[in-house]
Ligand SMILES: Cc1cc2nc3c(=O)[nH]c(=O)nc-3n(C[C@H](O)[C@H](O)[C@H](O)COP(=O)(O)O)c2cc1C
């Protein structure tokens, strides 16, 4: 559903072309300093505008509707709303009969019996990640001094990001990307095995980010080709620091005090400018599909800050859970 977390509980809402999108956070500790300017940096990083991102420009101005008084969180639920201002819904009319390959038009329509909002992808739009980023700003404050840094390291399988973006634009196509997320200064002991181990919790929220198709910790899939003698991380001091970090900072679902290392694969945008075929459910025939609307050529360009927010929310929940047990 649309809620995540056990103590620091985040509920996202909204649609791409509805009234707006946002987040409601319950279980946030009281007394955390919070002003609107705190959101600026992370919201700017998610914004479109760079080459390879959607031409749809939105103000993305947060409205704090509840849970903050005199520039501090109150302990009551915090609601943050972003109003939609720049919508062009007619672009999506045709996609009701002819779903986009790779998008959620077909699955959303079937699951919700045709009552889903198809405009701009509705609730399946990347716009929903605004609420995640806003909650992430607060979560980052809760987990400080834990530091999360996510960077785009590859696009289309290459480190030459501008060239791959330019190629995809020229071909009216799209391109995927790889994000590296590093989390430092997490204490030993976060994560609650069995089902709420740290890998499970992080993977759960990271896979909720639209277009994320792969998440690996430490050596990840490469571990399957390694020997134990290569993969084992040898301890080098009393704090639990290890010589290598193939585990990605987590053992048994519990943070081990080393850097938490995650790689996230983001797929190429499904809405492409190239002609494709799809099934027309009205005429019951295969037809050529031209997708209108405004789209990111490379979603991964905008996802690093969303990854940071998602990781921060998961860690804030672990942190609050740990505090509750003390
Ligand atoms: C920041 C962000 C921006 C996105 N922009 C687009 C877009 O412009 N066009 C599009 O087709 N999908 C876009 N997506 C991806 C869709 O939301 C996603 O593919 C869709 O919900 C289906 O989910 P899935 O790809 O995870 O199966 C974006 C996702 C994110 C996180």
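The values are calculated or read from the model by the stated rules, or taken from the named source; none is laboratory data. What you see is a predicted model; the values in this text were computed from it and never measured. Ideal geometry is used to build each Cβ from the backbone, glycine not excepted, and the neighbour counts take in all protein chains shown.
Say whether the condition of being within 22 Å of the chain's Cα centre (by Cα), modelled with pLDDT of 95 or more and closer than 14 Å to residue 133 by Cβ is met by at least one residue in the range 24-35.
yes
Mind checking which residues of the range 49-63 are surrounded by 17 or more Cβ atoms within 10 Å (Cβ to Cβ) and in contact with a helix residue (DSSP H, G or I) (Cβ under 7 Å, 6 or more places away or on another chain)?
Once the filter is applied, which keeps residues that are surrounded by 17 or more Cβ atoms within 10 Å (Cβ to Cβ) and in contact with a helix residue (DSSP H, G or I) (Cβ under 7 Å, 6 or more places away or on another chain), the range 49-63 yields 52, 53, 60, 62.
Just to be sure I understand the filter: pairs with C-beta atoms under 6 Å, separated by 6 or more residues or on different chains, first member in the range 213-225 and farther than 22 Å from residue 102 by Cβ, second member in a helix (DSSP H, G or I). Which pairs pass?
Going by the 6 Å Cβ cut-off, the qualifying pairs are 217/199; 223/231.
Taking only the range 214-249 into account, find how many residues are within 16 Å of the ligand (Cβ to nearest atom) and out of contact with any helix residue (DSSP H, G or I) (no Cβ under 7 Å at 6 or more places or on another chain).
1
Give me the pairs, please: first residue somewhere in the range 274-297 and in contact (Cβ under 8 Å) with a residue 40 or more places away in the chain and at positive phi, second residue anywhere and within 16 Å of the ligand (Cβ to nearest atom) and not in a loop (DSSP other than H, G, I, E, B), beta-carbon distance under 9 Å, and either six or more positions apart or on two chains.
Going by the 9 Å Cβ cut-off, the qualifying pairs are 293/91; 293/92; 293/95; 293/120; 293/121.
Tally the residues that are surrounded by fewer than 19 Cβ atoms within 10 Å (Cβ to Cβ) and not in a loop (DSSP other than H, G, I, E, B), restricting the search to the range 204-241.
Count: 17.
Return a yes/no flag: does the range 180-198 have any residue that is within 16 Å of the ligand (Cβ to nearest atom) and in contact (Cβ under 8 Å) with a residue 24 or more places away in the chain.
Yes - at least one qualifying residue is present in the range 180-198.
To keep it simple, each residue is scored yes or no on (1) touching a strand residue (DSSP E or B) at 6+ places or on another chain (Cβ under 6 Å); (2) over 14 Å from residue 311 (Cα atoms); (3) at pLDDT 95 or above.
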position	(1), (2), (3)
181	yes, no, yes
193	no, yes, no
204	no, no, yes
210	no, yes, yes
218	yes, yes, yes
227	no, yes, yes
230	no, yes, yes
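For the range 79-110, which residues satisfy the criterion of being at pLDDT 95 or above, away from the ligand (no atom under 16 Å from the Cβ) and out of contact with any helix residue (DSSP H, G or I) (no Cβ under 7 Å at 6 or more places or on another chain)?
The answer is 79, 81, 83.
If you scan the range 21-45, which residues turn out to be within 16 Å of the ligand (Cβ to nearest atom) and over 27 Å from residue 321 (Cβ atoms)?
Correct list: 21, 43, 44, 45.
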